[in-house]
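Okay, structure first, notes after.
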Ligand code: ADP
């Protein structure tokens, strides 16, 4: 079984969506094995949104592509866009309390990202968390110089989840138990 980290960002907490968001993941069979509310420090968030070159360039590339699709010319390099978004994200995630939790289950990262939906709520599948409970867009976020308000963060894959979980939870905070329906799900 795989683990994945989910963060309900300050916008999700402020909109009182904590219960609904957790339920979406639990309802499809994923098991909550750690959970807490906290106000992250800048140092924690800097570890989470790393200054890893691949991350900076991949976030920048996604953003550049979405601008090009709309015919907007972008002068910044992918890395520069990535750096700018990273700074916004660090500020965004330290703005208020968040809820962090770890889910465990079959293909937990892939399934959780499907439930969360695409990064930009405007385009996210309407049955996903971001599509159902949010409507923000890159262009609106840009005009206000803030990160796109998309309620949740979900680790990109199982390997990244492992290192992200270590940032937010100690070994002692991760629990082992059997969900009553595990037999009918995986037996
Ligand atoms: P995801 O959270 O879907 O994995 P990314 O890792 O690409 O997406 O981006 C991390 C976070 O950065 C997103 O959840 C979003 O809040 C924010 N973000 C990404 N691209 C932009 C952008 N172009 N403008 C504003 N915020 C952005």
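Here are a few things to note about the model shown:
- So residue 175, is it within 13 Å of residue 8 (Cα to Cα), modelled with pLDDT of 95 or more and not in a helix (DSSP H, G or I): no
- Of the residues making up segment 146-163, those that are within 10 Å of the ligand (Cβ to nearest atom) and part of a loop (DSSP other than H, G, I, E, B) are 146, 147, 148, 149, 150, 151, 155, 156.
- Here is the figure for segment 1-31: residues that are more than 16 Å from the ligand (Cβ to nearest atom), more than 21 Å from residue 161 (Cβ to Cβ) and in contact (Cβ under 8 Å) with a residue 60 or more places away in the chain total 1.
Per-residue answers, yes or no, for (1) in contact (Cβ under 8 Å) with a residue 40 or more places away in the chain; (2) crowded, with 21+ Cβ neighbours inside 10 Å; (3) in contact with a helix residue (DSSP H, G or I) (Cβ under 6 Å, 6 or more places away or on another chain); (4) over 19 Å from residue 155 (Cα atoms):
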{"site": "76", "(1), (2), (3), (4)": "no, no, no, yes"}
{"site": "80", "(1), (2), (3), (4)": "no, no, no, yes"}
{"site": "88", "(1), (2), (3), (4)": "yes, no, no, no"}
{"site": "100", "(1), (2), (3), (4)": "yes, yes, yes, no"}
{"site": "104", "(1), (2), (3), (4)": "yes, no, no, no"}
{"site": "109", "(1), (2), (3), (4)": "yes, yes, yes, no"}
{"site": "117", "(1), (2), (3), (4)": "no, yes, yes, no"}
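- Taken over segment 119-145, the residue count meeting the criterion of being part of a loop (DSSP other than H, G, I, E, B), near the ligand (Cβ under 10 Å from one of its atoms) and touching a helix residue (DSSP H, G or I) at 6+ places or on another chain (Cβ under 6 Å) is 3.
- Which listed residue, of 34, 16, 100, 23, is assigned by TED's automatic domain parsing to the domain that holds residue 158 and part of a loop (DSSP other than H, G, I, E, B): 16
The values are calculated or read from the model by the stated rules, or taken from the named source; none is laboratory data. Just so you know, these numbers come straight off a predicted model, no measurement behind them. Glycine also receives a Cβ, built like all others from the backbone with ideal geometry; neighbour counts cover every protein chain displayed.
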